[in-house]
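The values are calculated or read from the model by the stated rules, or taken from the named source; none is laboratory data. Bear in mind that the values here come from a model prediction, so they are computed numbers and not experimental data. For neighbour counting, all protein chains shown are included, and Cβ atoms are generated from backbone atoms with ideal geometry for every residue, glycine included. The accessibility values were calculated without ligands, DNA or RNA, using every heavy atom of the protein model including side chains. Shrake-Rupley method; radii C 1.70, N 1.55, O 1.52, S 1.80 Å.
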Amino acid sequence: MADLLSQLLNLIDKGTVEQRCAALLVLGALKLRIAPVAKSAAAALDHANPLVKDFAFRYFEETEVKDSVTTFLKFLDGGDKEIQERTVRLLIKTGAAAVQSLIKAAPGASRVWQLNAARVLCAARNKAALKGLLQMLSTGNDEFNKSVCDLLTPVVREMDLKEQEQFYGEVADFAAELEIKQQRPAMVSAMRLLGQLGRAPARRWLFKFVGPEQPPVIRSHALVALLRCLRDQEIRKDEYAKLFPLLEEAEFSEVTRLALELLDAHELPDDARALLSKLMHSTHTDVQKFALRKMGEVGTPATVRTLVEQLGDADYRKRDVAASSLRKIPEARAALIKELMACDDASKAWSIAELLTSFEGKWRQDTIDALWKRFEKAVTAEDRIQSAFLHALKKADEDEAYQRLAEAAGRLIKAKKYRESLGFLAPLRDFRAFKPEHRFYLALAQLKLHAHTLATNRHHPALEALCELYRNSAYPLFETLKKEKSLAPEELFALGFGLVERTGNERDLGRDLLEFVATKFPRNKPGKSAKNKLKLLGS
């Protein structure tokens with residue numbers, strides 16, 4: 001056996017390429033791990049022929065390499081990418097055995113070498129390996145440190161609570177010793193790691209770097225880390241004092257956005273109203289929207305007044321945020337009703353009326369009466385603010401609102417004020433309880449106003465309304481039309497003529513109307529015209 005081993009070693013050292021490869025293959029298959037073999041295989045790693053090098057790697061991949069760690073260090077940045085990958089896998093197999101050698105060789109190595117070494121150290125995951133990674137970060141550049149932090153992300157995620165606590169201590173000590181001017185990439189890395197660990201005690205150190213005197217990249221990373229470290233924590237008064245000024249900076253930057261996100265995720269102190277009022281005048285829309293949102297959490301009368309004022313802002317986004325905040329304040333209902341009663345802006349009035357539907361509570365009768373008077377005045381003036389008042393009246397008492405509309409329309413119809421009546425009749429169509437008699441009044445008003453267009457408009461609104469009433473209800477439409485004193489013979493003829501020209505059951509109603517006109521007014525022009533039309537129809 002000794003002679004065979006000697007022959008195999010001789011082939012590795014002095015044989016042809018094929019002989020060297022064959023000998024390495026045999027020794028690897030035998031998993032023979034003794035010093036002379038390891039020495040010869042290590043020497044083959046430096047052979048000029050890539051095939052010999054490949055089989056030398058295969059030998060070590062099949063056997064233990066713990067005693068040969070230093071042999072492989074040079075391959076972490078040597079050769080092609082495949083050699084580097086094989087070296088990383090080999091060193092990872094050694095576990096903790098490679099850690100000290102990697103840490104010792106790292107300071108003078110290339111970035112490629114260090115990055116591959118970092119992969120091995122992340123896999124080892126013991127205390128020494130993690131300290132070694134922090135040492136690398138202390139001298140790394142932006143790109144290298146980002147890559148190492150990315151490698152550490154799954155490592156931190158897989159740690160148990162005890163391991164995370166220990167690693168936090170290491171990172172906190174590491175961060176405390178850094179100099180921001182000379183080690184900015186390391187500072188960023190420390191913040192990233194503290195954020196991943198999410199430990200509340202890191203807040204004290206992180207808050208040192210959010211002020212405007214720090215570089216923007218440092219401020220941003222400090223705030224990102226704080227978002228994670230303060231996830232389930234309350235923000236302290238002194239910390240608020242450092243965050244609010246970030247919202248007042250002239251330029252809306254990533255720092256501003258992150259400060260908003262951090263403040264938005266926490267309840268503000270009771271004395272924050274003055275600060276929020278100041279932020280309402282910010283030149284940044286997002287800051288204004290934040291102030292409006294948070295106003296809803298404070299909920300004082302002054303806050304409510306401020307929010308109500310914003311409902312009239314030209315920017316719909318501000319109106320939406322103000323409305324959302326007011327919905328959270330039950331006490332805002334009274335202020336909203338009062339503002340609606342005094343409001344002259346149609347857009348703002350509609351915002352208030354729509355918002356009031358989200359509040360519960362009984363409406364006072366004197367409030368309903370006053371609101372109705374404002375609605376009547378708006379209808380008379382054809383002011384579009386009327387829709388807001390009607391919306392509020394329906395919320396207050398839908399049945400009463402319907403009754404008031406119907407009574408007002410009835411009075412105007414009786415007084416032959418058809419145009420004015422439409423302002424009260426048309427809204428009835430949007431009520432669930434739109435009654436047939438009020439459908440008739442609506443059609444009558446439209447007919448009286450536009451009877452002259454019946455002959456030329458097959459889709460006249462009065463025709464459409466009467467056809468729908470005739471088809472979908474038991475309302476005695478023909479009898480009602482006969483008794484309606486306001487309808488002249490010409491209007492009855494035009495209506496009957498229009499109905500018989502249609503294709504539905506309403507043609508029967510039209511025929512009945514023509515027969516009525518022909519019988520009652522036989523000597524008048526409408527009666528004669530009705531008689532002629534009936535002859536054409538075959539009656």
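Just the number, please: carbon plus sulfur as a percent of the accessible area of the range 121-225, 1.4 Å probe, no ligands or DNA/RNA counted.
Details: 2510 of 4920 Å².
Solvent-exposed carbon and sulfur of the range 121-225 make up 51 percent of the total.
Let a ≥ b ≥ c be the square roots of the eigenvalues of the Cα gyration tensor of the range 192-301; is it rounded (a/c under 1.5), or, if not, prolate (a/b larger than b/c) or oblate? Before the final figure, lay out each step's value.
Values: a/c = 2.13, a/b = 1.40, b/c = 1.53.
Oblate, since a/c reaches 1.5 and b/c is not below a/b.
Quick one: with all protein chains in place, what share of the accessible area of the range 336-384 is carbon or sulfur, to the nearest percent (1.4 Å probe)?
Numbers: 1340 of 2890 Å².
Percent of accessible area from carbon and sulfur atoms in the range 336-384: 46.
Can you give the percent of C-alpha pairs in the range 168-238 whose distance is more than 21 Å? Mind showing how you got there, number by number?
Values: 408 of 2485 pairs.
Result for the distance tail: 16 percent.
Mind ordering 276-284, 384-392 by average Cβ neighbours within 10 Å, highest first?
Final packing ranking: 384-392, 276-284.
Report the calculated FRET efficiency for Ala334 and Glu354 (r = Cβ-Cβ distance, R0 = 25 Å), to the nearest 0.05. Numbers along the way, then the final one.
Working: r = 17 Å, r/R0 = 0.69.
It comes out at approximately 0.90.
Please list, in order along the range 377-388, the HN-Hα scalar couplings obtained from phi with the Karplus expression 6.51 cos²θ - 1.76 cosθ + 1.60 (θ = phi - 60°), rounded to whole Hz, x for Gly and Pro.
So the J values, rounded to whole Hz, are 4, 5, 5, 4, 8, 6, 8, 5, 5, 4, 5, 5.
Report the FRET efficiency, 1/(1 + (r/R0)^6), for Asn524 and Ala474, where r is their Cβ-Cβ distance and R0 is 35 Å, rounded to 0.05. Intermediate values should be presented prior to the final figure.
Numbers: r = 32 Å, r/R0 = 0.92.
Between Asn524 and Ala474 the formula returns 0.65.
Could you sort Glu400, Glu248, Glu213 by accessible area so the largest value comes first, with the probe set to 1.4 Å?
Glu213, Glu248, Glu400
Sort Glu234, Glu501, Glu18 by heavy-atom solvent-accessible area, probe 1.4 angstrom, most to least.
Details: Glu234 155, Glu501 80, Glu18 130 Å².
Putting Glu234, Glu501, Glu18 in descending order of accessible area: Glu234, Glu18, Glu501.
Compute the relative contact order of the chain as a whole-number percentage, counting only Cα pairs closer than 8 Å that sit 6 or more residues apart in sequence. Numbers along the way, then the final one.
Working: 612 pairs, mean separation 24.4, N = 539.
Once divided by the residue count of the chain, the mean separation gives 5 percent.
Longer than 21 Å from Cα to Cα, which of Lys362/Lys435; Lys208/Lys242; Lys53/Lys81; Lys377/Lys448; Lys278/Lys318; Lys242/Lys318 are they? Say none if no pair is. Could you put the intermediate results ahead of the total?
On the way: Lys362/Lys435 26 Å; Lys208/Lys242 9 Å; Lys53/Lys81 14 Å; Lys377/Lys448 24 Å; Lys278/Lys318 15 Å; Lys242/Lys318 26 Å.
From Lys362/Lys435; Lys208/Lys242; Lys53/Lys81; Lys377/Lys448; Lys278/Lys318; Lys242/Lys318, over 21 Å: Lys362/Lys435; Lys377/Lys448; Lys242/Lys318.
In nm, give the distance between the simple-model label positions of His281 and Glu234, each being 7 Å from the Cα along the Cα-to-Cβ direction.
So the two model labels end up 3.1 nm from each other.
Cut-off under 18 Å on the C-alpha distance; same-chain residues fewer than 8 positions from Lys373 excluded. Which lysines are left, in chain and number order?
Excluding near neighbours in sequence, the set is Lys338, Lys394, Lys395.
Per residue, how large is the accessible surface of the range 355-468? Use a 1.4 angstrom probe and give square angstrom. Walk me through the numbers on the way to the answer.
Values: 6120 Å² over 114 residues.
Computed with neighbouring chains in place, this is 54 Å² per residue.
With a 1.4 Å probe and all protein chains left in place, how much accessible area per residue does the range 52-102 have, in Å²?
On the way: 2270 Å² over 51 residues.
That works out to 45 Å² for each residue.
What part of the accessible area of the range 395-454, given as a whole %, is carbon or sulfur when the probe is 1.4 angstrom?
Values: 1420 of 3070 Å².
Of all accessible area on the range 395-454, carbon and sulfur atoms account for 46 percent.
Rounded to the nearest 500, what is the chain's calculated 222 nm mean residue ellipticity when only DSSP H runs of at least 4 contribute -39500 (n - 2.57) each, over all residues? Don't jump to the answer; show the numbers that get you there.
Working: 32 runs with 373 residues, N = 539.
That calculation yields -21500 deg cm²/dmol at 222 nm.
Taking the Cα centre of the chain as the origin and placing charges on Cβ (Lys, Arg +1; Asp, Glu -1), which of Leu260, Ala342, Ala322 is farthest toward the positive end of the dipole?
Checking the options against the dipole of the chain, the answer is Ala342.
Helix 506-520 versus the longest principal axis of the chain: what is the Cα-based angle in degrees, 0 to 90, to the nearest 10?
Roughly 20 degrees between the two axes.
Taking a probe of 1.4 Å, how large is the accessible area per residue of the range 144-210, in Å²?
Values: 3230 Å² over 67 residues.
I get 48 Å² per residue for the range 144-210.
Sort 371-379, 479-487, 196-204 by the packing proxy (mean of other Cβ within 10 Å over each peptide's residues), most packed first. Write down the numbers at each step before the final one.
Working: 371-379: 19.0, 479-487: 13.2, 196-204: 17.1.
Ranked from most to least packed, the peptides come out as 371-379, 196-204, 479-487.
Considering the range 1-63, what Rg and Dmax in Å follow from its alpha-carbon atoms?
10.0, 30
How many angstrom separate the Cα center of the range 23-81 from the Cα center of the range 378-441?
Value for the Cα centre distance between the two parts: 95 Å.
With everything on Cα atoms, drop me the angle between helix 50-62 and the longest principal axis of the chain, reported from 0 to 90° to the nearest 10.
80 degrees
Taking all protein chains together and a probe of 1.4 Å, list His459, His221, His266 from the most accessible to the least accessible. Walk me through the numbers on the way to the answer.
Numbers: His459 135, His221 55, His266 20 Å².
If we order His459, His221, His266 from most to least accessible, we get His459, His221, His266.
Which values, in whole Å and largest first, are the semi-axes of the equivalent ellipsoid of the range 49-126 obtained as the square root of 5 times each eigenvalue of the Cα gyration tensor? Numbers along the way, then the final one.
On the way: eigenvalues 74, 44, 19 Å².
For the range 49-126, the ellipsoid semi-axes come out as 19, 15, 10 Å.
For the chain, just say rounded, prolate or oblate: build the C-alpha gyration tensor, square-root its eigenvalues into a ≥ b ≥ c, call rounded for a/c under 1.5, and beyond that prolate if a/b exceeds b/c, oblate if not. Before the final figure, lay out the partial values.
Working: a/c = 5.51, a/b = 2.44, b/c = 2.26.
Verdict is prolate for the chain.
Ala48 to Lys93: extension gain in nm, 0.36 nm per residue of separation minus the Cα-Cα distance? Provide the component values of the computation, followed by the final result.
On the way: separation 45, 0.36 × 45 = 16.20 nm, distance 2.61 nm.
Extra length available between Ala48 and Lys93 comes to 13.6 nm.
Residues of the range 299-324 with the amide nitrogen closer than 12 Å to a label point 7 Å from the Cα of Phe252, along Cα-to-Cβ, please.
317-318
For the chain, take the longest principal axis of its alpha carbons; what is the angle in degrees between that and the long axis of helix 489-500, to the nearest 10 within 0 to 90?
Approximately 50 degrees, to the nearest ten.
Rounded to the nearest 0.05, what FRET efficiency is calculated for Lys242 and Asp160 with R0 set to 35 Å and r the Cβ-Cβ distance? Working shown, then result.
Details: r = 33 Å, r/R0 = 0.95.
So the FRET efficiency works out to roughly 0.60.
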